[in-house]
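*Asks:* Below you will find the structure I want to go over with you.
The values are calculated or read from the model by the stated rules, or taken from the named source; none is laboratory data. Just so we're clear, the structure is a prediction, and the values are computed from it rather than from any experiment. Cβ atoms come from the backbone with ideal geometry, glycine included; neighbour counts cover every protein chain shown. Heads up: the accessible areas ignore ligands, DNA and RNA and are worked out on the full protein's heavy atoms, side chains in. Shrake-Rupley method; radii C 1.70, N 1.55, O 1.52, S 1.80 Å.
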Amino acid sequence: AVPWNQDAAEATLAWVRARSQQFSEGLDADGRPNDAAIHIASEINRERYDVPTFDMQVSRSIDHTFVIAFEWVHGRELIHSEAVSLGSLINAHVYEWGFEETKVLLDACQVRYRPSDIGCTWDEVKAVLGRINELHDRLGSPPNWFHHRTLDDTSFERMAAAIDAS
């Protein structure tokens with residue numbers, strides 16, 4: 001197992017915070033990005049491979065796996081950034097770390113993440129989470145939260161309410 005590296009985690013979090021702030025500052029009143037924000041979004045796609053935690057393989061977050069699993073389970077796509085954002089909030093909720101800040105950053109960047117806003121239902125999300133490990137294992141990814149625990153109906157409803165809350 002790879003040991004936890006707090007310095008790498010802090011550097012990655014600082015990068016996320018800085019890039020989120022820079023992107024959000026480049027949005028107009030209607031949420032449209034200006035040239036600077038578009039440039040930042042492009043840089044983020046390039047830079048993410050260089051963040052200190054990218055290759056750590058300590059465990060795998062489910063943000064991007066959620067997107068792939070949604071497409072695999074339901075045979076249709078959502079807008080990638082919106083589904084990743086929902087997956088990020090699910091991830092933060094189940095790991096019990098950073099949920100409120102993640103939501104604040106997504107809201108500042110005006111990214112939609114609530115199922116009702118992104119074209120899916122909570123029942124569809126629940127179906128994805130019920131099969132996410134099957135796909136996760138097929139992809140050869142390290143274990144995630146769902147490999148070690150389950151999200152019972154009450155916990156799922158609590159998570160859904162927290163994500164849907166304004």
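*Asks:* Return the carbon/sulfur percentage of the accessible area of the chain, one whole number, probe 1.4 Å, all protein chains in place.
*Replies:* 51 percent
*Asks:* Provide the FRET efficiency to the nearest 0.05 for the Thr154-Ser116 pair, computing r from the beta carbons and using R0 = 22 Å.
*Replies:* 0.60
*Asks:* From the phi of every residue in the range 127-135, what ³J(HN,Hα) in whole Hz does the Karplus formula 6.51 cos²θ - 1.76 cosθ + 1.60 yield, where θ is phi - 60° and glycine or proline is x?
*Replies:* Rounded to whole hertz, the list is 5, 5, 5, x, 10, 4, 5, 4, 5.
*Asks:* Calculate, for the range 45-157, the solvent-accessible area per residue in square angstrom, rolling a 1.4 angstrom probe over the heavy atoms of the protein chains. Write out the running numbers ahead of the final one.
*Replies:* Numbers: 6140 Å² over 113 residues.
Using a 1.4 Å probe on heavy atoms only, each residue of the range 45-157 averages 54 Å².
*Asks:* What is the spin-label model distance, in nm, from Asp137 to Trp97 if the labels are put 7 Å beyond Cα along the C-beta direction?
*Replies:* For the pair Asp137/Trp97, the computed spacing is 2.6 nm.
*Asks:* List the GluC sites (Glu not before Pro) in the range 88-166 that DSSP assigns to loop (not H, G, I, E or B) and whose Cβ has at most 12 other Cβ atoms within 10 Å. Which are they?
*Replies:* Sites meeting the loop and neighbour criteria: Glu96.
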